[in-house]
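Just so you know, all these numbers are worked out from the coordinates, no wet-lab data involved. If you're wondering where the values come from, they're calculated on a predicted model, not measured in any experiment. Counting neighbours? That spans all protein chains shown, and the Cβs are built from the backbone with ideal geometry, glycine included.
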């Protein structure tokens with residue numbers, strides 16, 4: 001089965017108009033007992049999936065009890081991240097899996113769909129300004 005998403009057109013200060021590969025992903029919410037939809041940047045360079053901090057409570061996560069804290073480095077510099085001790089349920093189209101998930105200590109970063117337990121398990125192709133997932 002395949003599912004595809006058009007690139008999202010965004011304005012940047014330096015580069016002008018660019019297109020970013022995005023996907024609509026569902027994260028299981030223990031609080032709502034339902035899926036929470038999140039539009040994510042598909043980031044093949046991200047080791048694991050990261051969400052902005054404000055989403056932890058919507059998913060029913062207690063960052064003090066459910067997460068390990070550590071610092072990570074990237075383009076934005078060094079930042080505190082809360083990584084869940086257990087894998088978390090995620091859904092992309094009809095495909096579901098349990099993945100490593102973290103929350104950056106920042107509510108203004110874009111959600112990043114990363115490799116570990118997620119896009120490393122499915123075929124991802126960027127073509128003609130679309131992100132195409134081939135799901136098993």
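So for the chain, averaging the separation of alpha carbon pairs under 8 Å that are six or more residues apart and normalising by length, what relative contact order in percent results? The partial results should precede the final answer.
Details: 299 pairs, mean separation 42.2, N = 136.
Here the relative contact order equals 31 percent.
Restricting to the chain, what percent of DSSP beta bridges are antiparallel, rounded to 5? Write down the numbers at each step before the final one.
Working: 42 of 48 bridges.
Here the share of antiparallel DSSP bridges comes out near 90 percent.
Please sort 31-38, 16-23 by packing, taking for each peptide the average over its residues of neighbouring beta carbons within 10 angstrom, highest first.
Working: 31-38: 12.6, 16-23: 14.2.
Ranking, from highest mean packing down: 16-23, 31-38.
Using only the Cα atoms of the chain, what semi-axes does the equivalent ellipsoid have when each is the square root of 5 times a gyration tensor eigenvalue? Give whole Å, largest first.
Values: eigenvalues 110, 76, 35 Å².
Over the Cα atoms of the chain, the semi-axes work out to 23, 19, 13 Å.
At 0.36 nm per residue, minus the direct Cα-Cα distance, what do residue 11 and residue 125 gain on full extension? Give it in nm, one decimal, please. Write out the running numbers ahead of the final one.
Values: separation 114, 0.36 × 114 = 41.04 nm, distance 2.34 nm.
Extra length available between residue 11 and residue 125 comes to 38.7 nm.
Please arrange 41, 99 by counting, for each residue, the other beta carbons lying within 10 Å of its beta carbon, fewest first.
Ascending number of Cβ neighbours within 10 Å: 41, 99.
What is the extension gain from residue 73 to residue 94, computed as 0.36 nm multiplied by their sequence separation minus the C-alpha to C-alpha distance, in nm to one decimal?
On the way: separation 21, 0.36 × 21 = 7.56 nm, distance 3.28 nm.
Here the answer is 4.3 nm.
Using Cβ contacts closer than 10 Å as the measure, can you line up 125, 67 from fewest to most? Don't skip to the answer; put the middle values down first.
Working: 125 12, 67 19.
Fewest to most other Cβ atoms nearby, the residues stand as 125, 67.
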